[in-house]
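As structure tokens, the structure follows; a few thoughts come after it.
The values are calculated or read from the model by the stated rules, or taken from the named source; none is laboratory data. This is a predicted model, so every value here is computed, not measured. Glycine gets a Cβ as well: all are built from the backbone with ideal geometry, and neighbour counts include every protein chain shown. With ligands, DNA and RNA removed, areas are computed over all heavy atoms of the protein, side chains included. Shrake-Rupley method; radii C 1.70, N 1.55, O 1.52, S 1.80 Å.
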Amino acid sequence: MSADAATHEGHEGLYEGGIWSWLTTVDHKRIGILYFVTGLIFLLIAGLEGQLIRTQLAQSELRILDPDFYNQLFTMHGTTMVFFAGMPLITAFFNYVVPLQIGARDVAFPRLNAFSYWVLLFAGIFLYSSFAFGGAPDGGWFAYQPLTNPEYSPGLGMDFYILALLLAGVGSIAGGVNFLVTIVNMRAPGMTFMRMPLFTWMTLIVAILILLCFPPFTIGLVFMLFDRSFGTHFFDAAAGADPVLWQHLFWVFGHPAVYILLLPAFGVVSDVIPAFSKKGLFGYPVIVFSGILIAFLGFGVWVHHMFSVGLGPIVNAVFGGATMLIAIPTGIKIFNWIATLWGGQLKFTPAMLFAIGLVGTFTIGGLSGVMHASPPSDLQQTDTYFVVAHFHYVLIGGTVFGLFSGLYYWFPKATGKMMSDSLGAWHFWLTFIALNVTFFPMHFSGLLGMPRRTFTYAEGLGLDTFNLISTVGAFIFTVSFIPLVWNLLKSLRSGPDAGPNPWDAHTLEWTMSSPPPHYNFAVLPQVNRRDPMWHPHVEPGAEPPAGVTLGVEPRLQPEVPPEPVIMPGPSFWPLFLAVGLLIATIGGLGSLPVALVGAAISLVGLFGWAFEPVEGEH
Amino acid sequence: ILNRRLLIAAALVIAVVAGACGGEYPQSALHPESDFAERLDVLFAQIFWWAVGVFVVVEGILLYTVFRWRENPERGRPKEVHGHTMMEIGWTLVPALILVAIAIPTIRTIFIVDNPTTDPDALTVEAVGRQWWWEFNYPELGIQTANEIHIPVGRTIDVRVRSADVLHSFWVPRLGGKRDLVPGRENQIWFTADSTGVYWGQCAEYCGTAHALMSFRVIVDTPEDFDAWAAVNAGGAVTIQDAEARAGKAVFESNACVSCHTIRGTIAQGQFGPDLTHFGSRLTIGAGILDNTLENLRYWIDSTQHAKPGNFMPEVQLTDAQVAQLAAYLLALR
Amino acid sequence: MWSFIGSECMLFGTLIATFLVYRSRNVVGPYPADLLNIPFITVTTFVLLMSSLMMVLALAAVSKGDMKMGKIWLFLTALFGLIFLGGQYYEFSHFVHEGLPLSRNLFSSTFFVLTGTHGAHVAGGVLWLSTLLVRAQMGKLDEKNAETVEIAGLYWHFVDVVWIVLFTLIYLLV
Ligand code: HEA
Ligand code: HEA
Ligand code: CUA
Ligand SMILES: [Cu+2]
């Protein structure tokens, strides 16, 4: 019937057309999918590195991996997880969901959007090529000076790290601009800020975070690049500089970065919980403002990563206190979610399981965070496995759970197919068990004297049992990915049809067919409230959504647009420019000619981009 | 479904706690043996119990809610509740108060542990971090040693830490917290050991290939034992009688060893590697990674790059006999 | 655009902070006071300021639809930008000649990277203006899309303001 027809037409809009159409696409939905696949693959690769790490640490004094290789592994594991798995996966959801949620037909700068994706992909591939060219970076994901000076890290490893992250940074900042402008300028009529879905809200906040916290990091990387390549002295104690400067530059970025990874997950949960409680969000404004508060405070706490540097009691006291404050807005979110669940009709779909799982497990990581926030107690915890436990609880129990929740929630929208609930449940329980089995023991091994970033540990420490448990857990993790991957493939091929709104969810993305047509909205909706899908009645005063016939499904979009829709045409300049930058980056490894060629290509790309007519398409 | 979570969590906690209680943990932060470590531990315990409280409450309410309100056709569509000001204020204030309760002892402790010691007759020990071993000096006693320190019980030790190359961090969990060694800065940490014994220390800031193998030992002696130790270690090397050891001395002095190591009272005056003047009296080899026994020592001399990959000591080509002699000599240096 | 500029502020903020932290920590000469040629830089600074004026005029002309003047003003803006860059090039080579290569000491490191970054921004601006010029030539630029000119102008003025700050901090406060 009608829904099917819509779905079918949507298919043509979305998936027909060969490789070329993907290379030149500027459709936020396709770019979102590209981001997702890329992020997932990097998650698996980095996860594999995690497995290797755990294998080496299964027992004391093992010599399975060579120390230098081990050091490369945890550096790449951390760097990949944060920059090439975490960030792309959240960006995938920004791309796919935000325009649909605010009632827009695309993002503000579609070509810039494509560009962001390509540079990110190239940066990731570039980083991994280092394994082939004389060794991956091995300075740890925060690359502390002076260990990362050429004097102590000869070889190209750290140059790969610097250049790859510079490239990725360009993409992130472009993305930040794009989503900020999109959300501020392209909301559908009536979509006031206080009617925006929570996920969109968190995206807005994160876009601002990205814009403010990436530049200092970029500069830090440039300094390091110059120190390595041109013999400057930004971090050279002998020349009067202070290596601690790097720690400041990194963490001024690094701490907000962890909230960049977290807030979108919170956004997902804040949309999923109401959908499966059949009950509007409890304390919407409070949740919004606590999000803003977390982001704001997040800029004033970076020194909590440096409590053992010896910056003096005053500094430590101030930053310790500031860090603790963040517990308050975070707690507010937790309690409001519970209050939303309270009195609802809770339906435990995989999306809901992961959302509730997040509320439960993130809290554990948050609480160990508060233990770190107290500088004296952190003097015993910093650089031990206690910290490793903390940040995996928040990163997996927070970010990853949130992302999986979002995956199960929006997959039907993106593909028109339902996923299997039972496989999803298996995936959740396995992940949940794996998380706790792997990382809970690390609290103990940490406090009992297990330092992090060590390729082995003495038998005399008596830590074999804990480490063995952790390793077992890590392997459960690997198993946990089987139901996921299977579920994805199976559902893509033979999942039952989803229809526009399989969950009876409340926000705008559920008004059109699944997958949505190329133009998203046949008619731009008129928004009268936060949960348009749940309230057919139109509030007094506001006129009914244009072109929408009131009736059985008054809130659904019409099948075909009443009048033709102008959409931006495909363009290969973004890809072209990204290639140019990649070549320039490769040149950055030490070949001026290559760098110049790259720069030249980029220039051509820029001009081509600037002069390309943005011709329309129906 | 969801009670499985609870069970697993509980089971884990029990299993793991049980694990934590048995056994000997020479590098544990939970078994303090000094005033400094004691302070950190007390503070941690306070925060920990607050956290447990929060954990129980939050997870309790969460689980109850999830069971109580799971889907049930009897109940109709839930009615909308958009918020509740008093509740919001409540769950803002309560955490705030808990945090105050955590912050006050925290700040008190900060101003004790982050300030230099005020004890006038503290014993100064200078710790210099090098890739990947520790040089220790006692300025007042004119002692230089490596990878282990002896200290008298009950006397304040004022540790001055600095780095010769990259970042390192001085950490003896049972005696105190971490203090980073930063090129171009001098840092301090102090503690007074409560009881004699051997405590493990470890470099706690990633510093390259052999970071994992950059440990050391702190031996807390009775004052008498300490003075005895100090008396010996302030002086030069003992004169060697044993024939094999003498042969070893010859080997040592006719090889590259002398260019890196110092043995006071001999021609060996190298500055690059650890001082070996009283090596025989030390507990460990290679920065706390091997017990200082004859065969371990042979192994170390013979294939140091396997014992400690990446370390800067070259594998000098020697016959097994020479290795044995060297080992005998070094162990004789008590 | 404003969002981008906000981000840029953080960028230069970090650079300037580093410069200030390190300004008095040199262990080897030559020191700032020995080299900085303030009169010369004052001139190039003035040139850059003028270019901002040209930019304003260009925008005014374009939005009036007077493309002929518009092109001239745009061209002059870009030209002045180039002159400034030329001045910077001269200054850099002069420093190197005087024994202050990039890798000499903390001052050289911070100075070159800070002013260099700004120079790169000016260069970027010049490129941007040139694209506008070409489009104007092809007749693809008129009052209808004066906004593009406005945005470019916004950027140009920002880069200009940044230079005023740098000029004060680096040259006037030695
Ligand atoms: C998603 C990422 C994420 C998130 C959300 C957090 C959240 C927090 N983190 Fe974490 N952190 C990391 C990622 C993250 N962290 C990473 C990656 C590192 C290591 C980097 C490295 O060294 O490699 C790190 C390291 C780290 C350190 C440095 C440790 C060290 O190296 O010595 C500290 C110290 O203060 C800290 C603190 C906190 C705090 C206080 C929070 C708070 O935001 C937590 C707030 C939440 C709660 C407290 C729970 C819910 C609240 C309630 C239920 C209300 C009631 C609670 C109370 C009254 C206490 N973190
Ligand atoms: C989002 C962030 C994230 C995530 C999800 C993870 C996930 C995991 N991490 Fe994490 N980790 C970090 C971020 C993250 N980590 C960071 C920032 C560091 C600090 C690095 C540093 O110190 O510099 C770190 C460090 C770190 C350490 C400390 C290393 C050390 O200090 O020496 C350990 C040790 O156990 C570890 C283990 C794991 C494990 C077992 C997982 C598991 O959850 C992984 C689960 C498994 C998978 C996700 C993959 C499953 C699939 C396969 C295994 C294979 C199949 C492959 C294909 C089909 C292609 N990590
Ligand atoms: Cu020295 Cu780690
Ligand atoms: Cu942090």
Problem - the protein assembly as shown - Debye-derived log10 I(q)/I(0), Cα point model, q = 0.05, 0.08, 0.09 Å⁻¹ - result: -0.37, -0.92, -1.14
Completion exercise
Between residue B:255 and residue A:563, the two model label points (7 Å from Cα along the beta-carbon direction) sit apart by a distance in nm of 9.2
Practice task
Determine how large the accessible area of residue C:142 is when every protein chain is in place; take a 1.4 Å probe and give Å² rounded to the nearest 10.
Solution key: 40
Practice task
Indicate the helices, whole DSSP H runs only, in chain B that combine a mean Kyte-Doolittle hydropathy of 0.5 or more with a Cα extent along their long axis of 30 angstrom or more.
Solution key: B:35-68, B:85-113
Practice task
Leaving ligands, DNA and RNA out of it, report the carbon-plus-sulfur percent of the accessible area of the stretch A:225-289 at a 1.4 Å probe.
Solution key: 75
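Report the gain in length on full extension from residue B:232 to residue B:119: 0.36 nm times residue separation, minus Cα-Cα distance, nm rounded to one decimal.
Values: separation 113, 0.36 × 113 = 40.68 nm, distance 2.64 nm.
Result for the pair: 38.0 nm of gain on full extension.
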Problem - Exercise: per-residue mean of other protein chain Cβ atoms within 10 Å, A:332-343 - result: 6
Completion exercise
Test assert for the stretch B:36-57: residues whose accessible surface shrinks by at least 50 Å² between chain alone and all chains, 1.4 Å probe, equal B:40, B:44, B:47
Handout entry: Solvent-accessible area, 1.4 Å probe, carbon plus sulfur percent, for the stretch B:76-159
Key = 67
Completion exercise
Karplus-derived 3J(HN,Hα) from phi for the stretch A:323-333 (6.51 cos²θ - 1.76 cosθ + 1.60, θ = phi - 60°), whole Hz, x at Gly and Pro, runs 4, 4, 3, 4, 4, 5, x, 5, x, 3, 4
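Leaving ligands and nucleic acids out of the surface, order B:79, A:417, B:178 by accessible area at 1.4 Å, largest first. Kindly include the intermediate steps, with their values, before the conclusion.
Numbers: B:79 155, A:417 45, B:178 0 Å².
So the residues, ranked largest to smallest area, are B:79, A:417, B:178.
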Practice task
Evaluate 2.2 N^0.38 Å with N set to the residue count of chain B, then give the Cα radius of gyration divided by it.
Solution key: 1.36
Practice task
Sticking with the crude label model, points 7 Å out along Cα→Cβ, report the distance from residue B:303 to residue A:185 in nm, one decimal please.
Solution key: 6.7
Practice task
Report, as an integer, the average count of C-beta atoms from other chains found within 10 Å of each Cβ along C:92-103.
Solution key: 1
Problem - Links that overshoot a 27 Å alpha carbon limit, given the list A:333/B:178; A:279/A:417; A:279/A:490; A:413/C:144 - result: A:333/B:178; A:279/A:490; A:413/C:144
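Give me the Kirkwood hydrodynamic radius of chain A in Å, from all C-alpha pairs, to one decimal place? Write out the running numbers ahead of the final one.
Numbers: mean 1/r = 0.0396 Å⁻¹.
Mean inverse Cα-Cα distance, inverted, gives 25.2 Å.
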Fill in the blank from the handout: For residue B:184, the residues 5 or more places away or on another chain with a placed amide H closer than 5 Å to its own amide H are B:163
Problem - the stretch A:420-437-the stretch A:242-313 distance, computed between alpha-carbon centres (Å) - result: 26
Completion exercise
Note: A vs C interface, total accessible area buried (1.4 Å probe; ligands, DNA, RNA excluded), nearest 100 Å², is 2300
Practice task
Enumerate the calculated ³J(HN,Hα) couplings along the stretch B:202-207 in order (Karplus 6.51 cos²θ - 1.76 cosθ + 1.60, θ = phi - 60°), each rounded to whole Hz, writing x wherever the residue is Gly or Pro.
Solution key: 8, 5, 10, 10, 3, 9
Handout entry: Inter-label distance for residue A:151 and residue C:150, nm, one decimal - labels placed 7 Å from Cα along Cα-to-Cβ
Key = 5.4
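Would you work out what percent of the accessible area of the stretch A:430-476, with all protein chains in place, is carbon or sulfur (probe 1.4 Å)? Intermediate values should be presented prior to the final figure.
On the way: 840 of 1080 Å².
So the carbon and sulfur contribution to the accessible surface is 77 percent.
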Exercise for the section: Just read off the accessible area of residue A:287 with the full protein assembly in place, 1.4 Å probe, to the nearest 10 Å². Expected result: 0
Exercise for the section: Kindly sort A:236, B:225 by accessible area of their heavy atoms, largest first, with the probe set to 1.4 Å. Expected result: B:225, A:236
Exercise for the section: May I ask for the angle, rounded to the nearest 10°, between helix A:87-102 and the longest principal axis of chain A, with both axes built from Cα atoms and the value confined to 0 to 90°? Expected result: 20
Fill in the blank from the handout: Under 5 Å from the placed amide H of residue B:191, counting only residues 5+ away or on other chains, we find B:157, B:159
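Keeping all protein chains in place and using 1.4 angstrom, which order do A:228, B:179, B:155 fall into by accessible surface area, from largest down?
B:155, A:228, B:179
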Exercise for the section: Taking chain C as the reference, fit the longest principal axis to its C-alpha atoms, fit the long axis of helix C:2-22 to the helix C-alpha atoms, and give the angle between the two in degrees, 0 to 90, nearest 10. Expected result: 20
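Expressed in nm to one decimal, what extension gain is obtained for the pair residue C:169 and residue C:42 from 0.36 nm per residue of sequence separation less their Cα-Cα distance?
Working: separation 127, 0.36 × 127 = 45.72 nm, distance 1.31 nm.
Full extension from residue C:169 to residue C:42 adds 44.4 nm.
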Handout entry: Total accessible area lost when B and A pair, probe 1.4 Å, Å² to nearest 100
Key = 8300
Fill in the blank from the handout: For peptide A:566-575, the mean count of other chain Cβ atoms within 10 Å per residue Cβ is 0
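Tell me the per residue accessible area of the stretch A:286-353 using a 1.4 Å probe; a whole number in Å² is fine. Provide the component values of the computation, followed by the final result.
Values: 1870 Å² over 68 residues.
Per residue, the stretch A:286-353 has an accessible area of 27 Å².
Given R₀ = 35 Å, what would the calculated FRET efficiency be for residue C:157 paired with residue C:96, taking r from the Cβ atoms and rounding to 0.05?
Working: r = 31 Å, r/R0 = 0.88.
Computed FRET efficiency for residue C:157 and residue C:96: 0.70.
For a Förster distance of 56 Å, can you work out the FRET efficiency between the beta-carbons of residue B:86 and residue B:315, rounded to the nearest 0.05? Display every interim value, and only then the final one.
Details: r = 74 Å, r/R0 = 1.32.
That gives a FRET efficiency of 0.15.
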Problem - Hz values of 3J(HN,Hα) by residue in the stretch A:155-163 - Karplus curve (6.51, -1.76, 1.60), Gly and Pro given as x - result: x, 8, x, 5, 5, 4, 4, 4, 5
Practice task
Would you kindly find the accessible area of residue C:64, with a 1.4 Å probe and non-protein molecules such as ligands, DNA and RNA excluded, rounding to the nearest 10 Å²?
Solution key: 150
Practice task
Would you mind checking which residues have amide H under 5 Å from residue B:201's amide H? H placed 1.01 Å from N; only 5 or more apart, or other chain.
Solution key: B:216, B:217, B:218
Practice task
Compute the acute angle (0 to 90°) between the alpha-carbon long axis of helix A:244-277 and the principal axis of greatest extent of the alpha-carbon atoms of chain A; round to the nearest 10°.
Solution key: 30
